[in-house]
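Here the structure is laid out as structure tokens; the discussion comes afterwards.
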């Protein structure tokens, strides 16, 4: 399930040093729970994103372990401290081994 | 309608099974909590869990957790086929120990948040969500 997966991130382009900013992330993904059955009654195998991490210049902001109970198109909102100019790195890890990444630069000003 | 001895026994066995089933569901959640806390005591309060009182659609229920001073927060749905929902581990640049997401709930149940504090203690909050349409696609 690596088709049509598109990460979307909302982050400020600028912040004052030491500011706390709110980050919102959404990634399009079916998050097949492994509980559903197809029309022949066979279980559809689980296929979810099992981990999401966000870091700033390599320093961790949040590391989330996802289970099957997270909704389709996983959405997260959290806060980060921005100590200096740099890059926010967002990474999603799929059950099938795919890794999806996004990056946002934050300037100080 | 008259009950034969066989009917009565069958009814009794059914009633016992019904009484035991919800207990097993909770046991799975208790196990997940024990695995997270390592059997340590869990205090009430210190965590804020925001969830709707009534969710029309169990497929996307918005929840948010907030626990100042926590290093990680475990989110559980006690009534789901698998109780685990998510674990948030906060890093050094976390602006606050809070997060929001959207979760699936199979039916009306308690959503539980357990926070592991920086000093190694644990805190807990729970909220009952009424679900009109379940979100596990049975």
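Averaged over its residues, how many other protein chain Cβ atoms are within 10 Å of peptide A:52-62's Cβ atoms? Could the numbers behind the result be given before it?
Working: counts 3, 2, 3, 3, 3, 1, 1, 4, 6, 6, 11.
Per-residue shielding by partner chains comes out at 4.
I'd like the mean, over residues of B:78-88, of how many other protein chain beta carbons sit within 10 Å of each residue's own Cβ. All intermediate terms of the calculation are to be shown ahead of the outcome.
Working: counts 0, 0, 5, 5, 7, 2, 6, 6, 9, 6, 7.
Whole-number average of other-chain Cβ neighbours for B:78-88 is 5.
Rounded to the nearest 0.05, what FRET efficiency is calculated for residue A:16 and residue A:105 with R0 set to 25 Å and r the Cβ-Cβ distance? Can you show the working numbers first?
Details: r = 16 Å, r/R0 = 0.62.
The computed FRET efficiency comes out at 0.95.
Residues of the stretch A:1-45 with the amide nitrogen closer than 17 Å to a label point 7 Å from the Cα of residue A:91, along Cα-to-Cβ, please.
A:7
Cβ neighbours within 10 Å, averaged per peptide: list A:5-18, A:26-39 in order, most packed at the top.
A:26-39, A:5-18
Tell me, what is the FRET efficiency for residue B:7 and residue B:108 to the nearest 0.05, using R0 = 45 angstrom and their Cβ-Cβ distance as r?
It comes out at approximately 0.90.
Per DSSP H run of at least 4 residues, take -39500 (n - 2.57); add these up for the protein assembly as shown, divide by its residues and hand me the 222 nm value, nearest 500 deg cm²/dmol. Mind dumping the intermediate values first?
On the way: 1 runs with 33 residues, N = 247.
Taken over the protein assembly as shown, the calculation gives -5000 deg cm²/dmol.
When only alpha-carbon atoms are used, what values of Rg and Dmax, in angstrom, describe chain A?
16.1, 59
May I ask you to derive the relative contact order of the stretch A:69-109, considering only C-alpha pairs under 8 Å and at least 6 residues apart, and to give it as an integer percent?
Over the stretch A:69-109, the number comes to 36 percent.
Taking R0 as 30 Å, what FRET efficiency do you get between residue B:50 and residue A:38 from their Cβ-Cβ distance, rounded to the nearest 0.05?
Approximately 0.25, to the nearest 0.05.
To the nearest whole number, what is the average tally of beta carbon atoms from other chains within 10 Å of the beta carbons of peptide A:77-90?
Counting Cβ atoms of other protein chains within 10 Å of each residue's Cβ and averaging gives 3.
What's the exposure ranking of A:101, A:89, going from fewest to most Cβ atoms within 10 Å?
A:101, A:89
Arrange the following residues from fewest to most other Cβ atoms within 10 Å of their Cβ: A:46, B:6.
Details: A:46 16, B:6 8.
Listed from fewest to most nearby Cβ atoms, that is B:6, A:46.
Rounded to two decimal places and with Rh computed the Kirkwood way over Cα pairs, what is Rg over Rh for the stretch B:23-129?
Using only Cα positions, Rg/Rh for the stretch B:23-129 is 0.95.
Note the angle between two axes, namely the Cα long axis of helix B:5-37 and the longest principal axis of the Cα atoms of chain B, as a number of degrees from 0 to 90, rounded to the nearest 10.
Computed tilt is about 10 degrees.
Whole Å is fine, so just give me how far the alpha carbon centre of the stretch B:48-115 lies from that of the stretch A:1-78.
Spelled out, the Cα-based centre of one part sits 14 Å from the other.
What number, in percent, do you get for the relative contact order of the stretch A:11-107 if the mean sequence gap of Cα pairs under 8 Å and at least 6 apart is divided by its residue count?
This gives 34 percent for the stretch A:11-107.
Remind me, relative contact order of chain B in percent, using alpha carbon pairs under 8 angstrom and six or more residues apart?
Details: 281 pairs, mean separation 39.8, N = 138.
Relative CO of chain B lands at 29 percent.
Read-outs: derived from the displayed coordinates by stated rules, not from any lab. Since this is a predicted model, take the numbers as computed values, not measurements. Neighbour counts are summed over all protein chains in view; Cβ atoms, including those assigned to glycine, are modelled from backbone coordinates with ideal geometry.
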